[in-house]
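Here's the structure, in structure tokens; my notes come after.
The values are calculated or read from the model by the stated rules, or taken from the named source; none is laboratory data. Just so it is clear, the model here is predicted, and its values are computed rather than measured. Here the Cβ is made from the backbone with ideal geometry for all residues, glycine too, and neighbour counts use every protein chain on show. For accessibility, only protein heavy atoms count, side chains too; no ligands or nucleic acids. Shrake-Rupley method; radii C 1.70, N 1.55, O 1.52, S 1.80 Å.
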Amino acid sequence: MNPKILHIISSSQWRKVLSLSLLLVFVAGSAWAQNVVKGVLTDVDKGEAIPFAQVYLEGTNHWAKTDLNGFYLINKIPDGDYNIKVRVLGYEDYNYAVSLKHQTVTHNIKLKSVRKALDVVKVTTSKVEERKMETQVSVEKITAAQIQQMPSIGGQADLAQYLQVLPGVNSTGDQGGQLYIRGGSMIQNLTLLDGMVVYNPFHSIGLYSIFETDIILNADVYTGGFGAEYGGRISSVMDITTRDGNKRHHTGSLGFSTFGANLILEGPLHRETADNPMTISYLISAKNSYLSKTSKVVYPYVDGGLPFDYLDLYGKLSINSGSGSKVNFFGFRFDDKVDGYQAISDFHWRNFGVGTDFALVTGSSALIDGSIAYSDYNINLDDVSADPKYSSINGFNMSLNITNFYGKNKLKAGISMEGYSTDYRFTNSYAVMRKQEEHTTSLSAYANYHYYSERWLIDPGIRFVYYASLNEPRLEPRISAKYKVNDKVRFKMAGGLYSQILLDARSDRDIVNLFSGFLTGSGRLNMPSTFQGEPVESCVQKAQHLVLGVEYDAIEHLTLNAEVYVKNFGRLVSINHNQIFDPNDPAYQEDGAFQKPQYYLTDFIIEKGISTGFDLSVCYDLERLYLWATYSLGYVQRSDEVQTYTPHYDRRHTVNVLATYALGEDREWELSARWSFGSGFPYTQTLGVYENLLFGDGIATHYWQDNGELGIYYGEIYAGRLPTYHRLDLGVKRKISFGTKNLLELSLSVTNAYNRNNLFYFNRITFDWVSQLPILVCFGAKLSF
């Protein structure tokens, strides 16, 4: 861990953490004596936790839903005899008789899978039922099985491909690896992997994320209005949890395609026994791209080749007590590189991290969990401009949470601390060099209450944030609610206040941008002292969210979801795209000979903005057929001191259609198709070019002999629109089982089936047009053993 970060955490801040921890422990012990049934729901063959399943006492209104660790807890139960019942898709029904009289019963449940789940099991905890038990406003819960329904582009279905079909999510396309969510920029989206902060979740080739699909247990994607347990970002959250390794057998999978290869190994280090329920398991995954080499042979028609290389490594060690308590240790290293591609001579980023998390089931109706992690990220871009572009960020994050259960209601509270250092070097289009090195910490505490009734679901919350390096506290209320009109119609809403101090560091002049660095807001930022006539007293960025929506189960298996949203960005701190003079030159200062307004001098400017839109999704899921369609209408606007403009990620219309159909008696064949459309992004047009004489020798310069640099006359910022983007992908899969545990999966996919010439990168100096991926046919195979 960076010692500079630890140094700025004062003793008073540690005392605050300790005080809040003692308060949480007191809250955890406040549950009263009552009948309690609790335990863990697992797969009997693999030992894996089964999340989001409903465990209930038959004939009563007492039930609970398992969490990500398979843990369930039912309390406030009257004395009596009951039958514990579980029905989960893909597993046999489970029944167990229990007698309760002023006691706590720990009962772990192991479910046995069935071959033809849809023909045998009655589904009671479908996604529709889950929506009736949670507010779920502006959130998508994604599993590995859902991701696998996508056409396996490059032979591998990936979270990045699935995210691009979610409502409110805009992508730069096949290449670039950048997502913008409901008007938020990359820096405003929080990504967590097992509690660790990940600073760049997507590779340069936009088809792939850093996450291995087959080890994802769940991914919660909040496009707005997220709860009090999350902070530090003002637009969205993506929270990914990986599963544990197999606790029964040593297994794995090996896959390869024309794009890359992947490997998963997992198994037990200590198996459960009759005398000792504890298990220890491991999980290792690796995936890489060798597209820079295979593209020369398989796709020789691609102009400039496809020099995209990456290597992703992830490891996890899980220790489970058998009663719901557990601890995990994990680490990752993600590496992405583009060499010699058109106008890009070298583009490289790297992210590594280590961490641990735990869950502790107490003797009362409480669950304690926490995590601590360290992450380091750096990015470097060299292009034809020869101007340096470098950014790095490293730091730690830690949290402690306690959940108390009160029947169907629950109270979750927690504290967290985050500290990081940033290093940034960048030269803008006016040859002005920017540098920054900063260190900062923040301390947070939150509480969130979940209220459940037959008609209402209400989740009020509050988050307190103290930005230590700025000595600035903030109180951020949050709320989400759902009203069940009847069994088919549900109205919902969410809103709250949000803040962050990380700044977006990118060139606003590039037509398509690959480089996105990190800056930290601090009192030492070179920015204006006033904004629109008002004094600027803080560099903390602020936003307010409001989301209104409705869910409608039109007919069986068909669900419609519609939401309207507003994100009001009351204060934004951005790179000053109008800076044309060196702020360190005395000649341009207030008393200088060539005094210039702050608007042309400061490294940063204050802005405000607003994002509004409408998202519609339609889902039809009937045994063999799965259909998913979305439409998004969005407006994003920013205002600085003198102008109002649309930022580079303002996309007016987005349409996605996904279809999957299973064939064969055992559904061994699968056909899939996806079509995406997006209207053009804004960009700043070029009005003309000129010779820029630097006058390096002052008045002694021989301007009639010296050669100047190429200068560019820029048009109105982001006044132009790039061409529309659209693409059709097709896929077919064939599963072949042999032996009792071996499965071979063959896939054939076609990316950009009608060979649309979508724009990836345009160099305004050389006028080079680089297209997104052309039509690519890919074969892949994966062996699970």
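Just a few scattered comments:
- When LEU313 is tested against the conditions (1) without any contact (Cβ under 8 Å) to a residue 40 or more places away in the chain; (2) open to solvent by less than 20 Å² (accessible area, probe 1.4 Å); (3) touching a Lys or Arg at 6+ places or on another chain (Cβ under 6 Å), the lone failure is (2).
- Residue within the stretch 18-36 that is modelled with pLDDT of 85 or more and surrounded by 14 or more Cβ atoms within 10 Å (Cβ to Cβ) present: yes
- The single residue among GLU745, GLU716 that is of a type in the set (Asp, Glu) and closer than 30 Å to HIS648 by Cα turns out to be GLU716.
Per-residue answers, yes or no, for (1) under 21 Å from GLY678 (Cβ atoms); (2) at pLDDT below 85; (3) open to solvent by 10 Å² or more (accessible area, probe 1.4 Å):
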{"site": "VAL123", "(1), (2), (3)": "no, yes, yes"}
{"site": "GLU130", "(1), (2), (3)": "no, yes, yes"}
{"site": "GLU140", "(1), (2), (3)": "yes, no, yes"}
{"site": "GLY155", "(1), (2), (3)": "no, yes, yes"}
{"site": "ALA160", "(1), (2), (3)": "yes, no, no"}
{"site": "GLN164", "(1), (2), (3)": "yes, no, yes"}
{"site": "PRO167", "(1), (2), (3)": "yes, no, yes"}
{"site": "GLY184", "(1), (2), (3)": "yes, no, no"}
{"site": "LEU192", "(1), (2), (3)": "no, no, yes"}
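- Members of the stretch 64-90 that are in contact with a helix residue (DSSP H, G or I) (Cβ under 9 Å, 6 or more places away or on another chain) and open to solvent by 40 Å² or more (accessible area, probe 1.4 Å): LYS65, LEU89
- Taking the stretch 441-556 and the strands (runs of 3 or more DSSP E) fully enclosed by it, no element has 3 or more residues that are modelled with pLDDT under 85 and either surrounded by fewer than 19 Cβ atoms within 10 Å (Cβ to Cβ) or of a type in the set (A, V, I, L, M, F, W, C) (or both).
- Members of the stretch 346-386 that are aromatic (Phe, Trp, Tyr), open to solvent by less than 20 Å² (accessible area, probe 1.4 Å) and farther than 27 Å from ASP504 by Cβ: none
- In the stretch 37-63, residue nearest to THR242 (Cα to Cα) [restricted to those that are open to solvent by 20 Å² or more (accessible area, probe 1.4 Å) and small (Gly, Ala, Ser)]: ALA49
- Residue identified as closer than 17 Å to ILE319 by Cα, surrounded by 20 or more Cβ atoms within 10 Å (Cβ to Cβ) and within 20 Å of the chain's Cα centre (by Cα) among ARG233, ARG243: ARG243
- Of residues in the stretch 621-649 being part of a strand (DSSP E or B), closer than 21 Å to LEU572 by Cβ and aromatic (Phe, Trp, Tyr), the one least open to solvent (accessible area, probe 1.4 Å): TYR645
- Test for ASP729: is it surrounded by fewer than 18 Cβ atoms within 10 Å (Cβ to Cβ), under 22 Å from THR172 (Cα atoms) and among the acidic types (Asp, Glu): no
- Residue in the stretch 604-619 that is nearest to ASN568 (Cα to Cα), counting only those that are open to solvent by 60 Å² or more (accessible area, probe 1.4 Å) and not basic (Lys, Arg): ILE610
- Qualifying residue in the stretch 99-121 (condition: small (Gly, Ala, Ser), open to solvent by 40 Å² or more (accessible area, probe 1.4 Å), touching a residue at least 24 places away in the same chain (Cβ under 8 Å) and in contact with a strand residue (DSSP E or B) (Cβ under 7 Å, 6 or more places away or on another chain)): yes
- Number of residues in the stretch 650-678 that are out of contact with any Phe, Trp or Tyr (no Cβ under 8 Å at 6 or more places or on another chain) and either surrounded by fewer than 22 Cβ atoms within 10 Å (Cβ to Cβ) or at pLDDT 95 or above (or both) equals 8.
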